[in-house]
Amino acid sequence: MPAHLFQCPACSAPLTPQGRASIVHCRYCHSAVEVPEALRQTSGVATWSTLVFESFVVNDNNWLVGDLPSEYFAKLTQAIADGRYRWEALVTLPSSMTTAWLTGYPLSDFHLMVNCKHTRGSRAGSSYGVLFRLQDNRSHYWFRISDSQFFAVSVVKEGEWSNLIDWTRSDMIKPYGVNQVEVIAIEKHFTFLINGEVVKEIESEHFSKGLVGLAIEGYTAGETIAFDFLDFVLRAP
């Protein structure tokens, strides 16, 4: 048996660790199985170096700030103060998105972790999360969650959207609470975590490397939405 696999104690089926998750479910007998501590990291992620630890006290990393209204948002304000990167927006058009990204770190393999909180607007009226392998505003991956306890992952290529993970319910999401979203990328393999638990793993080859960033999406015209990004941690081999 390969070193990264272990056996289900109930039925002896081979099991694969999922990122840092402490529990996996056997697809054969459906038992919940504790993952051995030594196998809870993905390919040495624990040894990777921290490239950026952003606490949003000052804007040393040159994040996008200011009043930035557009045809999509009648009002859009992004500001860094008091340990938060606050985004407030008034949605003009349904399914409108706005972004900001970290320059200077085009990466293939990385570990990105962000703590964030939805502070205003209906649970299902918006989503928030992280961009990765970003080429520009029209080409990137997008992992987001909503306070209605759903998450999704999309790839955008030259402005054309495709869902890699359709909207999926997860009880790991805390409505109107602080939620941690994480992506671990190793070549074409992506592991997605919410509040420390693996929620999905996929493989995709659309972009081999790129930048990382933040985004929000508003779904209801006329609704005011607001979000606080509390920190931003980027690690790489």
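None of the figures in this text is laboratory data; all of them are computed from the coordinates on show. As the structure is a prediction and not an experimental result, all values here were calculated from the model. Please note: Cβ atoms are built from the backbone with ideal geometry, for glycine as well, and neighbour counts cover all protein chains shown.
Tabulated data
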| read-out | value |
| --- | --- |
| Where GluC sites (Glu not before Pro) in DSSP loops with at most 15 other Cβ within 10 Å are excluded, longest remaining stretch of the chain | 72-157 |
| Reference-scaled alpha-carbon Rg (2.2 N^0.38 Å with N residues) for the chain | 1.04 |
| Using a Förster distance of 35 Å, the FRET efficiency for SER55-ALA32 (Cβ separation, nearest 0.05) | 0.45 |
| Qualifying trypsin sites (Lys or Arg not before Pro) for the range 20-124 [loop in DSSP, other Cβ within 10 Å: at most 14] | ARG27, ARG123 |
| Pair ASP109, TYR176: separation of 7 Å Cα→Cβ label points (nm) | 4.3 nm |
| Trypsin sites (Lys or Arg not before Pro) within the range 146-237, DSSP loop, no more than 16 other Cβ atoms inside 10 Å | LYS188, LYS209 |
| For the range 78-86, 3J(HN,Hα) per residue [Karplus equation, 6.51 cos²θ - 1.76 cosθ + 1.60, θ = phi - 60°, Hz, x = Gly/Pro] | 10, 9, 10, 6, 6, x, 8, 10, 9 |
| Along the chain, longest interval not containing exposed chymotrypsin sites (Phe, Trp or Tyr not before Pro), exposed being DSSP loop plus at most 14 other Cβ atoms within 10 Å | 29-175 |
| 20 Å Cα-Cα threshold exceeded, pairs from LYS157/LYS209; LYS75/LYS157; LYS117/LYS174; LYS157/LYS200 | LYS75/LYS157; LYS157/LYS200 |
| Calculated FRET value between THR119 and GLU71, using beta carbons and R₀ = 25 Å, to 0.05 | 0.55 |
| Partnerless cysteines, meaning none of the other Cys C-beta atoms lie under 4.7 Å away, in the chain | CYS116 |
| The range 72-156 - charge dipole about Cα centre, Lys and Arg +1 at Cβ, Asp and Glu -1, debye rounded to 20 | 200 debye |
